[in-house]
């Protein structure tokens, strides 16, 4: 696992743990299952699990943040940006989400520049 993936996971895990409410054990289980899948680079499985959380709680900021990270890892930049923005609207004071989004914007700009340079 590369350093960026480990950093993502270090940012995701506390967020999922801190923000999951008493609606809890099923959603918490899905969030944690998704994190474990992501740790194994099983991003499609992680996305599936976090979408399951959103089916029962569309206002889960951790699930939206985690989806954003997964979409970013898969190179789905527009989807990632949408999920980050939703997560920020749901939890505007959350420093983990803010940090993830700021880093995303930098990586996204770098990715755009790389593509432009190749063309």
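The values are calculated or read from the model by the stated rules, or taken from the named source; none is laboratory data. None of these values were measured; they are calculated from a predicted model. Here the Cβ is made from the backbone with ideal geometry for all residues, glycine too, and neighbour counts use every protein chain on show.
Laid out as a table, the results:
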| read-out | value |
| --- | --- |
| Residues located in region 76-112, provided they are outside any helix (DSSP H, G or I) and either in contact (Cβ under 8 Å) with a residue 12 or more places away in the chain or crowded, with 20+ Cβ neighbours inside 10 Å (or both) | 91, 94 |
| Test for residue 63: is it modelled with pLDDT of 95 or more, buried (at least 24 other Cβ atoms within 10 Å of the Cβ), under 13 Å from residue 27 (Cβ atoms) and in contact with a helix residue (DSSP H, G or I) (Cβ under 7 Å, 6 or more places away or on another chain) | yes |
